[in-house]
Amino acid sequence: MNLIAPTARLIDAASGDVLGGTDLDAEVGRHASAYAGFPPGVVFARTGVSVPAVLRYTGALRAARPVALLDPALDPAVLADFIRRFEPAVVVGVAEGGPGAAPGECPKQYREVDDPVLGPVWVRDRASADQPHPDLAVLLATSGSTGDPKFVRLSRTAVTSNATSIARALAIGPDEIAPTSLPLYYSFGMSVLNSHLAAGATVLVVDGGVLAREFWQAVQTYGATSLAGVPYNYEMLHRIRWSPAKYPSLRTLTQAGGKLRDEMILAFHEKIAAVGGRFHVMWGCTEAGPRMSTLPADALPDRVGSVGPALDGGSFTVLAEGGRETEDPGVVGELVYRGPNVMMGYAENSADLSRGDELDGVLRTGDLGQLDEDGFVWLRGRLKRFGKIFGIRVNLHDIEEMARDQGPVVAVSGPDKVVLFVEGIEPDEARAVAGRLAERLKLHRSGFDVRSIERLPQLPNGKIDYRSLEAQV
Amino acid sequence: MSLTDRLRGVFVDALELPEGTDVENLTYRGIEQWDSLGHMTLVAAIEDEFDVQLETDQVIDMSSFKVALEMLRGLGVDG
């Protein structure tokens, strides 16, 4: 599979090296060939923000090896458990660095090899008995992995069709230059990479994120044209009074990964519109590889709060009460997405990797919402109880279970954090619980707000009154 | 208390640094605690402690303890 259009380029901001055209093609080919020496099976790629990481990923795709993109800061015990359950043929990016990055020991049944092209890798002694399905291309760990992380299985068709649909919706052409503002193992970050490569555009590979000096230096030096962010990125930029006026090349801002407050959407829309640019609110989930909808920039400010219509090739319906599926405007229910980018299914172990498509292009999103007369989606909250912390989905029920030893507890979703109400918890204990959850879920502790409550409120039927707790957040 | 000591205290509190951390040689993203969220907490703590308001570029340029120290000196903050 070749995701990369002929005019696509990679710029390494750290070195200034530019890789494009036949050189890029040859490099990807060289990386693809390097996989030939390993036993058949999937690739685990510890993926930081670096040109070598991009080449290991795109090389695996071209070699028709399903590739799992993994956070290099993944806890070594969690990585070891992933390897044990999924039996990858090879783990690449073993030396991938960054704060908190440590791969741990080379696991049993693997040997460490310093590959001349791929760098240090762990190679499996023998192929796994379970071989991946031929359609499988990319595996992404589900965010909000709470104790039992699993993979989303994306097919070749899902990855390529989503990349081209995104490029169309955002009018990404060969002149676009996108900096890597998000981690590449994160579905949104991956989609920025894929959509630009597929459109023959340039990806400016720069580590550090939107608060790093190197990032903005690279934006200026190389004339980056767009910026992708999750709500907390925009909250931070707002907090430091950032303005796009200083960066004349930067004209497209995109936002996904959770709900950004309407006033914040409007503020950034106004800032970027004032300099002739556009702000796009988008909606997606890892299970859709990830993009499902994009709000056209000219729909702001009138339709603020909507996440727009389905991407090209996709469509939405609403599952109304009683199980009736409808496109009628104004009916509230679970949103169902159909499109070629819907995942094949989940995988919890190596046997699951052999499975074919189990969803047939239909994804129940778990989000409540409604459509308007133009097919624009208006979200109305989660059907199941999930929260989002810094763009990462977490299961509120699982979080409650982790804090259950402190007494009766309820977790509710706040803006970019989870608030836990625990009956009669002491301040010291509350801090300890926040710290423990942060460590367990690998998220910053400011994402957890643990509060004491005398008694959890109940509805007349004895069930917990979540609404009244949400109102206190 | 010297400016260095005050700033060290702000770093330790804001980033919840373990005892014995070599604070004066810290760099942004050099340790897990000083990530983007840690940075925002740190900026707020510095603004509180020294009664200053940092500009966008100052927040982005504050890539190490030493840079932060020089920046505060440049703003006329002393011990």
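Considered as a group, the residues in the stretch A:352-374 that are of a type in the set (Asp, Glu) and not in a loop (DSSP other than H, G, I, E, B) include one that is modelled with the highest pLDDT, and that residue is A:352. Applying the criterion of being within 11 Å of chain B (Cβ to nearest Cβ) and not hydrophobic (A, V, I, L, M, F, W, C) to the residues of the stretch A:232-243, the residue that is surrounded by the most Cβ atoms within 10 Å (Cβ to Cβ) is A:232.
I'm told residue A:440 meets every condition in (1) in contact (Cβ under 8 Å) with a residue 24 or more places away in the chain; (2) surrounded by fewer than 20 Cβ atoms within 10 Å (Cβ to Cβ); (3) within 20 Å of residue B:17 (Cβ to Cβ) except one. Can you identify the failing condition by its number? With (1) in contact (Cβ under 8 Å) with a residue 24 or more places away in the chain; (2) surrounded by fewer than 20 Cβ atoms within 10 Å (Cβ to Cβ); (3) within 20 Å of residue B:17 (Cβ to Cβ) applied to residue A:440, the lone miss is (3).
The single residue among A:97, A:104, A:59 that is farther than 30 Å from residue A:385 by Cβ and modelled with pLDDT of 95 or more turns out to be A:59. Between A:80, A:95, the distinction of being more than 22 Å from residue A:142 (Cα to Cα) and either surrounded by fewer than 18 Cβ atoms within 10 Å (Cβ to Cβ) or within 25 Å of the chain's Cα centre (by Cα) (or both) belongs to A:95 only.
Taking the conditions exactly as written (under 21 Å from residue A:155 (Cα atoms) and of a type outside the set (Phe, Trp, Tyr)), does residue A:16 satisfy them or not? The answer is no for residue A:16. Those helices (runs of 4 or more DSSP H) of chain B in which 3 or more residues are surrounded by 15 or more Cβ atoms within 10 Å (Cβ to Cβ), more than 8 Å from every other protein chain (Cβ to nearest Cβ) and of a type outside the set (S, T, N, Q) occupy B:3-15, B:36-50, B:65-74. Screening residue A:34 against (1) crowded, with 23+ Cβ neighbours inside 10 Å; (2) touching a Leu at 6+ places or on another chain (Cβ under 6 Å) leaves a single unmet condition, (1). Restricting the stretch A:317-351 to residues that are in a strand (DSSP E or B), of a type in the set (Gly, Ala, Ser) and at pLDDT 95 or above, the residue that is surrounded by the most Cβ atoms within 10 Å (Cβ to Cβ) is A:347. If the condition is being at pLDDT below 95, basic (Lys, Arg) and part of a helix (DSSP H, G or I), then the stretch A:234-282 contributes A:239, A:246. Restricting A:141, A:127, A:171, A:101 to those that are in the same structural domain as residue A:285 (by TED's automatic domain parsing) and touching a helix residue (DSSP H, G or I) at 6+ places or on another chain (Cβ under 9 Å) reduces the list to A:141.
Please tell me if residue B:2 is closer than 22 Å to residue A:209 by Cα and among the hydroxyl-bearing types (Ser, Thr, Tyr).
Judged against the criteria, residue B:2 is not a match.
Here are some residues: A:271, A:246. Which one is over 23 Å from residue A:11 (Cα atoms), over 15 Å from the mean Cα position of the chain (by Cα) and within 14 Å of another protein chain (Cβ to nearest Cβ)?
A:271
Of all residues in the stretch A:321-343, those that are farther than 16 Å from residue A:363 by Cβ have Cβ atoms under 6 Å from Cβ atoms of residues that are in a loop (DSSP other than H, G, I, E, B), 6 or more apart or on another chain, in A:326/A:320; A:329/A:372; A:329/A:373; A:331/A:320.
The values are calculated or read from the model by the stated rules, or taken from the named source; none is laboratory data. Being a predicted model, the structure only gives us computed values, none of them experimental. Because the Cβ atoms are built from the backbone with ideal geometry, glycine has one as well, and the counts that use them run over all protein chains shown.
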